[in-house]
Amino acid sequence: MTIEELLEKYAMGVLEFQGANFAEANLSGIKLTNVKFIDANFSVANMSGIILVESDLSYAKLNVARLSGATLTGSILNNCSFNVANLMRADMSRTQLRNCSFIRAELIRTDFSRADMYEANLNSADLREASLQQANLRYAILCDANLRAANLREGNLEMANLSGSNLTATDMSGTNLRDAEMRQANLCMANLSGADLSGANLRWADLRGANLIWADLTGAKLSGANLQGADLTNANLSDTSLVHTNLTQAKLINVEWMGSDLTGSTLTGAKLYGTSRFGLKIDNIKCEWVDLSPDGDRSIIQKFNEDELKDFFNATPPTIRIVIDLPLEYEANFVIAGTYYQIAEEYSGLIQPPSIESGPRKTAFTFRVESDEALLPSAFMTILPFKDANITQKVIYYIVDIIRQEAINTKNSKLSTLAKKLVPLLEQAINKSKNIKQTKKNLEVAAKLNFAKAPTQTIITNSSAQSLVIYDHPNFGKKFVKRMNASSEHNISESEYIMPSINMILNFVENFYVINQS
């Protein structure tokens, strides 16, 4: 069929041209709508500037065809072959391209936004500056493809194969890359903020300077990857493999990486403010210093020798443990749970509910906090439901004041840094405590419980596994000996309680990372 015959039939209303052969034909600039070219042959045809919208070209052959500047918006192109074709600046938006083949195709600046490219083969295709925003590329093959500066924002590349691809400066923000294969991919300066990379294989990938803010890398494989200077602020790296990974000067602020394997990795100059240092595998890691400043501006530097390095990256979770001298009953469990819920609504320092251990005689509530310096202010809040709250809070205030006074007297810069952090944090806790007492009714209900009136112990444990008993009621553990009732148990003057000594307090805080600077 000639082009003239095609246009003549189209003018007469004929829209179906199944199996037609237009190989090497010149269809440049023609305009067709709602046409069916199922299983047609357009190989080596000149289709530059063609307008072929809302049409069906399923199973068509377009190998080595020229489609530069073509418009195929909304067309069905499932199972088509575009191998070595030229689609530069073509508009393929909202097209169906399932199981299509674009091997070594020229797709520079092509618009594939919102296209359905499920299982498409784009092996070695040139997609520089192409738009694939919100495109469906699940199970697509993009091995060795060039996607430099392409737009893949909010696309779906779950289980896609991007091994060896060039993704330099590509925008993949909010993209779904779950379980994607990305071995040896070049992701330098790529924007992966908010991307889902859980389970992705990024072994030996180049991620220098990449933006991974709020990215989910849970269970991802980054062994041998280069993340030098990458920004992983607030990223989730739980159970991620970072074996022999280069994290030099990477921004790891507020990262969650419990269970990660850092064996043999390099972390010199990494920014680690607000990031926990427990639950990690750290054999043979290399790190000369880290940046602990809130803004990553190197104002707080921590240097290491070999032993200090192991201690620093082998921390334990800072915890507050409140032990109550009574078993937990159903009513008390319900009321105390509600009270802590109300406290957490007001005070963000309680990052998760406590773990509870209840035995036949005692109950223990254990709270995990984000950092060592959050221990004392958070303990000020967690003791609120109990009758021992007043005296425990006075002891906490005393401890903070000791640290502040010692910092002034000794002019110790490290201690001063801690005091500057603790004083406003405690003042905030005091204000929150007053507000909770005035507005939260659960505290009044809890105060009537025998459970809340029982003697308590409050123990804090820092990230170096050192513990400090803040308060230990003099009658704690003695009710079975003295048979004292609940009212007489608390008839104890504050002078009967022995405060922690200055040495005990200073020994406890000396391993807080906020003051271990050099």
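Being under 29 Å from SER276 (Cα atoms), out of contact with any Ser or Thr (no Cβ under 8 Å at 6 or more places or on another chain) and either surrounded by 22 or more Cβ atoms within 10 Å (Cβ to Cβ) or hydrophobic (A, V, I, L, M, F, W, C) (or both) holds for only one residue in LEU449, LEU415, and it is LEU415. If you go through region 298-335 and keep only what is closer than 18 Å to ILE459 by Cβ and not in a loop (DSSP other than H, G, I, E, B), you end up with THR319, ILE320, ARG321, ILE322, VAL323, ILE324. Any residue at all in region 197-211 that's surrounded by fewer than 20 Cβ atoms within 10 Å (Cβ to Cβ), in contact with a Ser or Thr (Cβ under 7 Å, 6 or more places away or on another chain) and not acidic (Asp, Glu)? There is no residue in region 197-211 that is surrounded by fewer than 20 Cβ atoms within 10 Å (Cβ to Cβ), in contact with a Ser or Thr (Cβ under 7 Å, 6 or more places away or on another chain) and not acidic (Asp, Glu). The residues of region 29-58 that are under 16 Å from MET117 (Cβ atoms) and either of a type in the set (Gly, Ala, Ser) or surrounded by fewer than 24 Cβ atoms within 10 Å (Cβ to Cβ) (or both) amount to a single one, SER58.
Listed by first and then second residue, the pairs linking a residue in region 160-183 that is on the phi > 0 side of the Ramachandran plot to a residue that is of a type in the set (Gly, Ala, Ser), with Cβ atoms under 6 Å apart and 6 or more places separating them unless they lie on different chains, are ALA169/ALA149; GLY174/GLY194; ASP179/GLY199.
Across region 336-361, the number of residues qualifying as exposed (fewer than 12 other Cβ atoms within 10 Å of the Cβ) and part of a helix (DSSP H, G or I) comes to 1.
Report yes if SER68 is touching an Asp or Glu at 6+ places or on another chain (Cβ under 9 Å), of a type outside the set (Val, Ile, Thr) and closer than 24 Å to ARG153 by Cβ, otherwise no.
Numbers: touching an Asp or Glu at 6+ places or on another chain (Cβ under 9 Å): yes; of a type outside the set (Val, Ile, Thr): yes; closer than 24 Å to ARG153 by Cβ: no.
Answer is no for this residue.
For region 266-275, the criterion of being surrounded by fewer than 20 Cβ atoms within 10 Å (Cβ to Cβ) and in contact (Cβ under 8 Å) with a residue 40 or more places away in the chain is met by at least one residue.
Would you please name the residue that is farthest from LEU326 (Cα to Cα), looking only at residues in region 401-459 that are assigned to a helix (DSSP H, G or I) and of a type in the set (Lys, Arg)?
Selected residue: LYS414.
When restricted to residues that are within 26 Å of LYS448 (Cα to Cα) and acidic (Asp, Glu), region 369-416 contains 1.
Condition first: closer than 21 Å to TYR347 by Cβ, at pLDDT below 85 and open to solvent by less than 80 Å² (accessible area, probe 1.4 Å). Can you find one or more residues in region 465-475 that meet it? No, there is no match, as no residue in region 465-475 is closer than 21 Å to TYR347 by Cβ, at pLDDT below 85 and open to solvent by less than 80 Å² (accessible area, probe 1.4 Å).
Please enumerate the residues belonging to region 1-60 that are assigned to a loop (DSSP other than H, G, I, E, B), among the small types (Gly, Ala, Ser) and free of Cβ contacts under 8 Å to residues at least 12 places away in the same chain.
Going residue by residue through region 1-60, those that are assigned to a loop (DSSP other than H, G, I, E, B) are 1-2, 12-15, 17-20, 22-25, 27-30, 34-35, 37-40, 42-45, 47-50, 54-55, 57-60.
Applying the additional criterion that residues be among the small types (Gly, Ala, Ser) yields 13, 19-20, 23, 25, 28-29, 40, 43, 45, 48-49, 55, 58, 60.
Listed by number, the list holds a single entry, GLY13.
Based on this model, can you work out whether ALA105 counts as closer than 25 Å to ARG208 by Cα and either in contact with a helix residue (DSSP H, G or I) (Cβ under 7 Å, 6 or more places away or on another chain) or open to solvent by less than 30 Å² (accessible area, probe 1.4 Å) (or both)? No; evaluated as a whole, the condition is false for this residue.
I need the full set of residues from region 60-75 which are open to solvent by 10 Å² or more (accessible area, probe 1.4 Å) and not small (Gly, Ala, Ser), in order please. I'd like the intermediate steps shown before the answer.
Going residue by residue through region 60-75, those that are open to solvent by 10 Å² or more (accessible area, probe 1.4 Å) are 61, 63-64, 66, 68-69, 71, 73-74.
Of everything in region 60-75, those that are open to solvent by 10 Å² or more (accessible area, probe 1.4 Å) and not small (Gly, Ala, Ser) turn out to be LYS61, ASN63, VAL64, ARG66, THR71, THR73.
Among the conditions (1) open to solvent by less than 40 Å² (accessible area, probe 1.4 Å); (2) in contact with a Ser or Thr (Cβ under 7 Å, 6 or more places away or on another chain); (3) among the small types (Gly, Ala, Ser), the only one that SER371 does not satisfy is (2). Within region 390-433, restricting attention to residues that are of a type in the set (Ser, Thr, Tyr) and under 33 Å from the mean Cα position of the chain (by Cα), which residue is farthest from PHE512 (Cα to Cα)? So the residue we want is SER433. The set of residues in region 196-225 being under 23 Å from PHE278 (Cα atoms) and not in a loop (DSSP other than H, G, I, E, B) consists of ASP216, LYS221. One residue stands out among those in region 76-102 that are open to solvent by less than 10 Å² (accessible area, probe 1.4 Å) and under 35 Å from the mean Cα position of the chain (by Cα): the one that is nearest to SER124 (Cα to Cα), which is PHE102. Among the residues of region 460-477, those that are hydrophobic (A, V, I, L, M, F, W, C) and part of a loop (DSSP other than H, G, I, E, B) comprise ALA465, PHE476.
Tell me, yes or no, whether region 376-397 has at least one residue that is part of a helix (DSSP H, G or I), within 30 Å of SER299 (Cα to Cα) and open to solvent by 10 Å² or more (accessible area, probe 1.4 Å). Checked region 376-397: at least one residue is part of a helix (DSSP H, G or I), within 30 Å of SER299 (Cα to Cα) and open to solvent by 10 Å² or more (accessible area, probe 1.4 Å). Filtering region 118-175 to residues that are open to solvent by 40 Å² or more (accessible area, probe 1.4 Å), among the hydrophobic types (A, V, I, L, M, F, W, C) and over 26 Å from the mean Cα position of the chain (by Cα) leaves only ILE141.
The values are calculated or read from the model by the stated rules, or taken from the named source; none is laboratory data. Source: prediction; values computed, not measured. Glycine gets a Cβ as well: all are built from the backbone with ideal geometry, and neighbour counts include every protein chain shown. These area figures cover heavy atoms from the full protein model, side chains too; ligands, DNA and RNA do not enter into them. Shrake-Rupley method; radii C 1.70, N 1.55, O 1.52, S 1.80 Å.
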